[in-house]
Amino acid sequence: MSQGPRSGLAAVSSALLAMSRHLEVRDVLKTIVASARELLDAQYAALGVPDDHGGFAQFVVDGVSDAQWKAIGPLPRQHGILAAMLQEARFERLADVRKDPRFEGWPSAHPEMSDFLGLPIRDGDEVIGALFLANKNCPKPEGTCGFTEEDEELLAILAQHAAIALTNARLYERSRELTIAEERSRLAHELHDAVSQKLFSLRLTAQAAAALIDRDPTRAKGELHQVAALAAEAVDELRAAVVELRPAALDEDGLIATLRTQIQVLDRAHTAHVTFAGNGFRALPAAQEEALLRVAQEALHNALRHSGAGHVGVSVDRRGGGAVLRVSDDGSGFDPRSVRSAGRHLGLVSMRDRASGVGGTLTVESAPGKGTTIEMEVPGG
């Protein structure tokens, strides 16, 4: 008898230690769900973080394959048992969730669930999530729940520590955002002061050159050389600021990992299937990687928001010493000429500017009903 409690305590301790190791919110959520499922020996576990619009900002599952999760469809709304846990803030232990009067069904690809255990995760009076498990792995007579009062106690302990871990992760991310915002504000002030001084000097020098051009061409020529030098210095100031304002994830993880992470999030958040492939890529200068990331983000935004695509594919491949980014969708497509004539650009102007700004090129292939492919190529550094 003494072996059981020690094993249970060790499992709880391992789960709590695992949660404390992570600082990113997504990692904390995944660890909570995996720990809960393992600790209570359930077939399925999930954790939803509510948004302010009747849905879930994040919803993490364990025990469901990626293919199953994709087939289930968009993130669930706050209804049925999930809404009860968030609104009533109490335990739910059910022999068969499907027979509960609040049950409102689930998508056809959703796995079948019977016995159910769920509870809210609270930070003080605020409900910050809903954690639940289904299908306890144990023998159970028809119409009975495999989850026990002891399971409730274990899950309650886990939820208390999950609230702490999740709150700490949110504070960490908020602190990081504030640090980045403060740094950007500092850089903006520095940029404003430095470039404003350069532009003021440039203006005065250009005025002096204009005044001298008739009576003293030689001096005017010298002033124009000074104008060119000041303009070059201003450009250097701007480039330095752009590099310093580079996204933190890009600095830490590189272009391929950053794109892969962002695309995984988009794939979960949208009904369209979003895929990524990176082949033979090697690191490029910071400005080029920044431009590739921004163009990919703009092209993805267009495809997911405007095209009605069922599939969006993103790839980055090595080409010579440089790289080529390709974003293709099977959506409604458009006539690039009519878009330009109508004064609508779908971000094409900014994408072309980003490409040319790092010595690259941007091509757009699209036609009504034929989807769209945007390709950006940059040379090696």
Exercise. Just give me the residues in the stretch 36-61 being out of contact with any strand residue (DSSP E or B) (no Cβ under 9 Å at 6 or more places or on another chain) and modelled with pLDDT of 85 or more, in sequence order.
Key: Leu39
Exercise. Being within 20 Å of Glu104 (Cβ to Cβ) and open to solvent by 30 Å² or more (accessible area, probe 1.4 Å) is the filter here, so list the residues in the stretch 22-63 that pass it.
Key: Pro50, Asp51, His53, Gly54, Val61
Self-check item: In the stretch 231-277, residue modelled with the highest pLDDT [restricted to those that are open to solvent by 40 Å² or more (accessible area, probe 1.4 Å), among the acidic types (Asp, Glu) and within 22 Å of Leu325 (Cα to Cα)]
Solution: Asp253
Self-check item: Failed criterion for Asp115 (all others in (1) surrounded by 20 or more Cβ atoms within 10 Å (Cβ to Cβ); (2) touching a His at 6+ places or on another chain (Cβ under 7 Å) hold)
Solution: (2)
Quiz item: Do you know which residues across the stretch 303-314 are more than 15 Å from Lys370 (Cα to Cα) and crowded, with 22+ Cβ neighbours inside 10 Å?
Solution: Val314
Practice problem: Could you check, for the stretch 315-330, whether at least one of its residues is modelled with pLDDT of 90 or more, open to solvent by 20 Å² or more (accessible area, probe 1.4 Å), closer than 18 Å to Val274 by Cβ and assigned to a loop (DSSP other than H, G, I, E, B)? | Solution: yes
Quiz item: If you take the residues in the stretch 88-106 that are farther than 17 Å from Glu142 by Cβ and exposed (fewer than 13 other Cβ atoms within 10 Å of the Cβ), which one is modelled with the highest pLDDT?
Solution: Pro101
Quiz item: Out of (1) without any contact (Cβ under 8 Å) to a residue 40 or more places away in the chain; (2) in contact with a helix residue (DSSP H, G or I) (Cβ under 7 Å, 6 or more places away or on another chain), the odd one out for Ala272 is which?
Solution: (1)
Exercise. Please work out which residue is surrounded by the fewest Cβ atoms within 10 Å (Cβ to Cβ), limiting yourself to the stretch 278-302 and to residues that are within 16 Å of Met351 (Cα to Cα) and more than 17 Å from the chain's Cα centre (by Cα).
Key: Ala287
Quiz item: If you take the residues of the stretch 141-156 that are surrounded by 14 or more Cβ atoms within 10 Å (Cβ to Cβ) and not small (Gly, Ala, Ser), which of them is nearest to Ala34 (Cα to Cα)?
Solution: Leu155
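The values are calculated or read from the model by the stated rules, or taken from the named source; none is laboratory data. Values in this document were obtained by computation on a predicted structure and should not be read as measured data. Note that each Cβ is placed from the backbone with ideal geometry, even for glycine, and that neighbours are counted across all protein chains shown. SASA here: full protein model, heavy atoms, side chains in, ligands and nucleic acids out. Shrake-Rupley method; radii C 1.70, N 1.55, O 1.52, S 1.80 Å.
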